[in-house]
Amino acid sequence: MMNHPIIKGIFYSLIVLLGLCSISCDRINCHPEKRSFSFQEQKMIELNTFFFDTTARVVVGSLLVFEYEYQIPQCNHIDADEWMERIHFEVDPSLDSFFFTGQSLLDSKCFLYEDGHLAFEASFFISAGSIHGLKLSESLWKVDADLSVNSVSLGGKERAISFEGEFELR
């Protein structure tokens, strides 16, 4: 009976239709990637060293601390797709613009925080690349960055991180 061309055509059409439906249904249950750009006043980055591990956290201080956050697309039907990265760095509030590279990038205490299903929570200082910022108003900065970091999520291999955005006062 399956040798009949009309029945074969209907059968293959149903398979293709079901496949397309499952692909589109998967996209419906997914959330797109998210990027956020913000900064806080009266903060600073505090460094803590325990043996060979240095961690960084944002605490009360006298500087501006900028935060860039990126989350990959997340789908409700996939359990192990959670992963995010967050980059922090501090800036003197008296500046109207800045350009950090080399030692000034290290001095800004620029660090990457990664967290996800297959990555350990970890902070890494970023010492390669550059960050440029321009103050647009008291509550808005335009910042772009091209950075390079050794990432736990890639087994310690170097990877590039680039972003550009308007950072709003939080």
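Scanning region 27-54 for residues that are part of a strand (DSSP E or B) and aromatic (Phe, Trp, Tyr) yields PHE37, PHE39, PHE50.
Residue-wise test of (1) of a type in the set (A, V, I, L, M, F, W, C); (2) surrounded by 12 or more Cβ atoms within 10 Å (Cβ to Cβ); (3) within 19 Å of ILE126 (Cα to Cα).
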{"residue": "SER62", "(1), (2), (3)": "no, no, no"}
{"residue": "TYR70", "(1), (2), (3)": "no, yes, yes"}
{"residue": "MET84", "(1), (2), (3)": "yes, yes, yes"}
{"residue": "ILE87", "(1), (2), (3)": "yes, yes, yes"}
{"residue": "SER94", "(1), (2), (3)": "no, no, no"}
{"residue": "GLY102", "(1), (2), (3)": "no, no, yes"}
{"residue": "LEU106", "(1), (2), (3)": "yes, yes, yes"}
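The residue that is nearest to PHE125 (Cα to Cα), counting only those in region 73-82 that are free of Cβ contacts under 8 Å to residues at least 40 places away in the same chain and surrounded by 14 or more Cβ atoms within 10 Å (Cβ to Cβ), is GLU82.
Would you check if there is a residue in region 139-154 being modelled with pLDDT under 95 and in a loop (DSSP other than H, G, I, E, B)? Looking through region 139-154, none of the residues is modelled with pLDDT under 95 and in a loop (DSSP other than H, G, I, E, B).
The values are calculated or read from the model by the stated rules, or taken from the named source; none is laboratory data. This is a predicted model, so every value here is computed, not measured. Every residue, glycine as well, gets a Cβ built from its backbone with ideal geometry; the counts of neighbours run over all protein chains shown.
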